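These notes are about the structure you will find just below.
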Amino acid sequence: MKNSNQRTMISQVKESGILSPLIIVAILLTVMLILKPNYLAATNVFVLVKVLTITAMVGFSQMIIMAIGGLNISVGAIGALSAIIAGGAMDRLGVPAFPALIIGILVGVACGVVNGLLIYRAGGVGPAFFLITLATASLFQGINLTITSGNPYYGIDSKFMAYGDTQLFGLPLSFFYMLLVGLLIWFMFSKLAIGRQFLAFGANPKAAELYGISKFRVVLYASIIAALVAAIAGMIAMIRIKTAQPNMGADWMLLSFAAPLIGGTKLNGGKVNVAGCLLGAIALTIISNGLVHLAVDVFWNTLIYGTVILLSVMVDQFNLAGMLRRKR
Amino acid sequence: MQLAKKAFRHELTSVILPLVILFLALIVSSPGFLSAYNITSQLQSITIYMIIGLAQMTALSLGHLNLAIGSIGSLTSILMGYSMQEMGVPVLPALLIGLVVATICGFFQGLLITRSRISPFIISLALLSIYKGIGVVISRGVPFDGLPDAIKLFNRAKAGVVPVTFFVALATAIMVYIIFRYSKTGLRVEATGANPRAALYSGIQVKSTVVIGHSLSGLLCGIAAIIQTARFGSAQISVGDDWMLTSFVVAVLGGTLLSGGKASTVGAVLGSVLMVLINNALILWNVNTYMFPAILGIVLLSAYEVDRGRLNLIKRQSELEIDNEK
Amino acid sequence: MKKIIVVLLIIALAGTALYANGNSDTQSETTGSDREFVEKYPEIAYGPVDGKSMKDYKFGFSFGGIADYANPVEGMANMAASELGIPDITIQTPQNWVQNEQNQKLDGLIASGMKGIFMMTSEPTAGNEQINKMVDAGIFIVTMGGPPALPSKSTLTLATDVYQSAYDATIIVIEAIGKKGNVVGLSGSLNDTNTQKRFKGIEDACANYPDVTLLQLVGDISSAESSMTKVGDLLAARGSEIDGLVAMDYYAAFATAAYMLENDNYDHIKAVGIDSDDKVIEAIKAGKMVGTMSQNPWAQAYISMYTLKMLADGWTYKDGQPAVVDSGSYLIDASTVDDYEPMVIGETMKMMQTWTDRFDPPAGR
């Protein structure tokens, strides 16, 4: 009885596709704990979680677009532009915290609308995503720089910081926002019609259209939701660095792909894995944090970072292959 | 009119049209544009953009994105610098080492993609860090600035106002053109990129084609790395820092992606010229630096629009022809 | 069809090349304005000297990348321009710290008629080849901010000695912690050769004190976010062990200030930063940081402009004068934080008093 229970649990985990990212995270954590027994001390967990929050959010944003078979180069540019407009509204126009937050998020949504409409106009599938977001990333970044002349906005309302900086159970509030966003995305993909339409479209755009799924709706809505998540990530990043910096989001693009890909989401669309994406983000955060924690020679950081990512995805592959062979 | 319409139908219209307009506008507005100094300088920039655009085009025609393009350049430059400065290897063998290293980098990337089931995207992403990381470890961030004078002379040599390196780029472009146009390998690469399964069924060795394609992309990065090293006068890890996005923009402006992954060598060449002219124009017109990215974004979007207009025209004309036949 | 296009393009390029050889500059001549001449430095001529016109005094500026540091440049350079009776500065700075990008900016500046440029290279070594090219084309080059790799064809560099500045900052930190304890050092991009010089300065300073241990050097900090991550990771990992912190990069100093301000756990750490970001100044005022090493962009811009005018007038930099002139590095601490800008500008004017001594005057004057 117990045995079969266990088996169903294992097979559940296996089916959900989070087994391999889970193993990756477990290995990384074990290595860190062996090398540094106090690795999970409260202060370090706090720092880890703050970085994780943003990495996971940008991963979620990218994952939504990947679900419909696209990719989004402009994640970082959208996050930065929303943060800059919200920060500028507070610093230059004296807008209070809450309206500024709303303005920032609306700017993000507007970027999403622009992306969605243009992608649809360019065909809505395949290279259209790459072509359009390559251009809009440049456009959004240019607007950002034109507004700021490259200078940060310092006058962020302290109430604004409180939205994400207050602690709950010893963790920053923003972490729980991230979990909530993840939960909502999971809910959308598993329970809501629109989520299933996204997946159906991602798996096979032509078949989905024949079934009456509107390409326009799928592309537009997915772009808007992804941009919304990126804008929230921008707000959280602004809270974290206490200023609105024009070069925010510069490192997001590659991270945003790495988190869902390590977590088992496929680039070709039709499949998402919210928990896996979160685990992928945890893995990335541990790798970069571990390098500083272990005081690795700065000149080795880049090489080790890349190698560990490659090994992580390889672990995934060997592991799955082994599992399948045993099953048969 | 008929001729204009016919010209508009050509797939390179969306790059040639803005190119000609911009060229004329620059001649009229900025006397400095045609100065010998400026022409040489712009050709120097075009040289590097052209080769990396071709490298990216090769990967795109396989249906892959090569994110490691700049890191291959960086590692190649460092290894060339190391062999010349630390090991005393003469210039020509060192350049050969560079080309071999770059090809191996691309070969390894292709091998990983075909031998594992990991997404090509994430392989490229990891190699981006790994190749760069090896270069950083070898050089510890210090440039190799005691290179033989021949390297610098290679950069400075000119025929009239045309830098010699530009001829190297042209020769490279012609080589790539021949490969894609006339060789079986080129056809296989394009077939694989268009539809891997169909390519497999029609008897193409898809796996080795992917490896060959990536090796070629790597080799082109190596050529670009040599010219970039010469232009910097030193071998250093920052070679290739700006290549990734630039290479995408050049390939996109040149129509490689617009036509669905079909390699367009001439397009990539013209794309690099357009990209450099846009930059030059913005500086000559003294446009605020901060607005550059926004303008580049708008230029890209307009290029897509021109291309859409062209496709629509073709569609309408062929519909008309069908109606006429009825 | 494609072949025809390629042929046409090559013909167009060749045609342009031929045309360019015989092309003469047709820009209209502008005359000097009647601005009142402030005779601050009587030996330097006001406006164009005999035989020259205003367009021989068109000067440009290009910094290595977008940075807070260059903010005072435009104002100071134009102040110098109005004192000298020459056109205002034209600025073209690359968006990223990428030499290819800067080369395009510099080439564009020259094509639009600039006769002299003061600049900081995006990369000290790679930029040198571009400086060679510009000097060979007859353009006057003065470098500032950070020196290019030496020897360079740049007339001179006005800069803070980054090694010395990091060394001094480390000494200040070590003194503040009572010459005993653990120190960490932070600097910026690994591509930047200044990073190695700064690390060296920190290492050398620590080596002078037997009771001081250099715990760790952290680099590869190139954006606001990565700096927050790296500094956060560092403090979380070894915050209790660290006694002193030297942040020799704009973003590293910014992140240090941000952590110090928000958190009381690290009050035992004595930190010195670099440059004068608002956050850093705020942290110094709040007593959370010991101070910051301000470089001197004011002087660098102002004096560079004067130097370009002198070079265009025919002055020559004396043999034996140093290639890099130290424009000073000033510690901004709690006592000087409220009026550091006038202080630094005052120092600049002092430097300018004896500036012409470094040059040979033009023949016939």
What share of all Cα pairs of chain C, in percent, falls into each consecutive 20 Å distance bin? 27, 49, 20, 3
Sort C:211-223, A:45-57, B:61-73, B:202-214 by the packing proxy (mean of other Cβ within 10 Å over each peptide's residues), most packed first. B:61-73, A:45-57, C:211-223, B:202-214
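Got a sec? How would C:TRP298, C:TRP355 order by Cβ neighbour count within 10 Å, fewest to most?
Numbers: C:TRP298 23, C:TRP355 16.
So the ranking, lowest neighbour count to highest, is C:TRP355, C:TRP298.
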If you take the Cα atoms of segment B:230-326, find Rg, then find the Kirkwood Rh from the mean of 1/r over all pairs, what is Rg/Rh? 1.14
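Given +1 on the Cβ of Lys and Arg, -1 on the Cβ of Asp and Glu, and no further charges, what dipole in debye does segment B:94-166 carry about its Cα centre, rounded to the nearest 20? Numbers along the way, then the final one.
Numbers: 7 positive and 2 negative charges, 29 e Å.
About 140 debye.
Semi-axes of the equivalent ellipsoid for segment C:158-291, please: Cα gyration tensor eigenvalues, times 5, square-rooted, ordered largest first, whole Å.
Working: eigenvalues 70, 64, 39 Å².
After diagonalising the Cα gyration tensor, the semi-axes are 19, 18, 14 Å.
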State which helices in chain B qualify, where a helix is a whole DSSP H run, it must extend 20 Å or more along its own axis by its Cα atoms, and its mean Kyte-Doolittle hydropathy must be at least 0.0. B:13-29, B:36-61, B:69-85, B:91-115, B:120-139, B:164-182, B:206-232, B:265-284, B:292-325
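Partner chain Cβ atoms within 10 Å, averaged over the residues of A:47-54 - can you pull that number for me?
Details: counts 11, 4, 0, 4, 5, 0, 0, 3.
Across A:47-54, the average partner-chain Cβ count within 10 Å equals 3.
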Between Rg and the Kirkwood Rh of the protein assembly as shown, both from Cα atoms, what is the Rg to Rh ratio? 0.96
Tell me the angle of helix C:340-353 to the major Cα principal axis of chain C, expressed in degrees between 0 and 90 and rounded to the nearest ten. 50
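Given Cβ point charges of +1 (Lys, Arg) and -1 (Asp, Glu) and nothing else, what value in debye, to the nearest 20, does the dipole of segment C:162-294 about its Cα centre take?
Working: 11 positive and 19 negative charges, 52 e Å.
My answer is approximately 240 debye.
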Starting at 0 and stepping by 20 Å, how many percent of the alpha carbon pairs of segment B:2-320 end up in each bin? 31, 57, 12, 0
Filter the cross-link list A:LYS271/B:LYS132; B:LYS262/B:LYS315; A:LYS50/A:LYS215 down to pairs whose alpha-carbon distance in this structure exceeds 30 Å. A:LYS271/B:LYS132; A:LYS50/A:LYS215
Each label point is 7 Å from the Cα along the Cα-to-Cβ direction; what then is the distance between the points at B:GLU325 and B:GLN205, in nm? 4.1
Shielding score for A:116-122, defined as the mean number of other chain Cβ atoms within 10 Å: 2
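Place a +1 charge on the Cβ of each Lys and Arg in the protein assembly as shown and a -1 charge on the Cβ of each Asp and Glu, then give the dipole magnitude about the Cα centre in debye, rounded to the nearest 20.
For this selection, approximately 5280 debye.
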Too long at a 28 Å Cα-Cα cut-off: which of C:LYS52/C:LYS133; C:LYS279/C:LYS309; C:LYS115/C:LYS200; C:LYS133/C:LYS318? C:LYS279/C:LYS309; C:LYS115/C:LYS200
What angle, in degrees between 0 and 90 and rounded to the nearest 10, separates the Cα long axis of helix C:73-84 from the longest principal axis of the Cα atoms of chain C? 50
Approximate spin-label separation A:THR43-C:ASP360, in nm, with each point projected 7 Å along Cα-to-Cβ: 6.1
Summarise the long-distance tail of P(r) for segment B:176-238 by giving the % of C-alpha pairs beyond 18 Å. 48
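Could you list B:TYR201, C:TYR317, B:TYR290 in order of exposure, starting from the residue whose Cβ has the fewest other Cβ atoms within 10 Å? It would help to have the intermediate numbers written out before the result.
Working: B:TYR201 10, C:TYR317 17, B:TYR290 21.
Ranked by crowding around the Cβ, least crowded first: B:TYR201, C:TYR317, B:TYR290.
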For the protein assembly as shown, with +1 on Lys and Arg beta carbons and -1 on Asp and Glu, the positive-most of A:MET161, C:GLY185, C:ALA257 along the dipole: A:MET161
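What is the order of A:VAL75, B:VAL28, B:VAL176, A:VAL181, fewest Cβ neighbours within 10 Å to most?
B:VAL28, A:VAL181, B:VAL176, A:VAL75
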Length gain on complete extension for the stretch B:THR114 to B:LEU92, per 0.36 nm per residue less the alpha carbon to alpha carbon distance? 4.6 nm
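If the viscosity is 0.692 mPa s and the temperature 37 °C, what Stokes-Einstein diffusion coefficient in µm²/s follows for segment C:190-243 when Rh is the Kirkwood radius over Cα pairs?
On the way: Rh = 12.6 Å.
D = 261 µm²/s.
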Give the share of C-alpha pairs in each 10 angstrom bin for segment A:42-312, from 0 to the last occupied bin, in whole percents, shortest bins first. 7, 30, 35, 22, 5, 0
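Per residue of A:234-246, count partner chain C-beta atoms within 10 Å of its C-beta, then hand back the mean as an integer. Mind showing how you got there, number by number?
Details: counts 0, 0, 0, 3, 1, 0, 6, 11, 11, 6, 1, 7, 4.
That average works out to 4.
Scan chain A and note any complete DSSP helix (H) whose C-alpha atoms cover at least 20 Å along its axis and whose Kyte-Doolittle average is 1.6 or more.
On the way: long enough: A:2-16 (21 Å, -1.49); A:19-35 (24 Å, 2.93); A:42-67 (35 Å, 1.72); A:75-93 (26 Å, 1.36); A:97-121 (36 Å, 1.93); A:127-148 (32 Å, 1.36); A:173-191 (27 Å, 1.82); A:215-241 (39 Å, 1.89); A:274-293 (28 Å, 1.78); A:301-327 (39 Å, 0.66).
TM-like helix candidates: A:19-35, A:42-67, A:97-121, A:173-191, A:215-241, A:274-293.
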In µm²/s, what is D for segment C:217-365 at 25 °C and 0.890 mPa s, where D = kT/(6 pi eta Rh) by Stokes-Einstein and Rh is the Kirkwood radius from Cα pairs? 141
Convex hull projection area averaged over all views, segment A:128-220, Cα basis, nm²: 9.5
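Each reported figure results from applying straightforward, stated rules to the coordinates on display, with no laboratory input. Note that this is a predicted model, so its numbers are computed, not measured. Quick reminder, even Gly has a Cβ in these numbers, built from the backbone with ideal geometry, and neighbours come from all protein chains shown.
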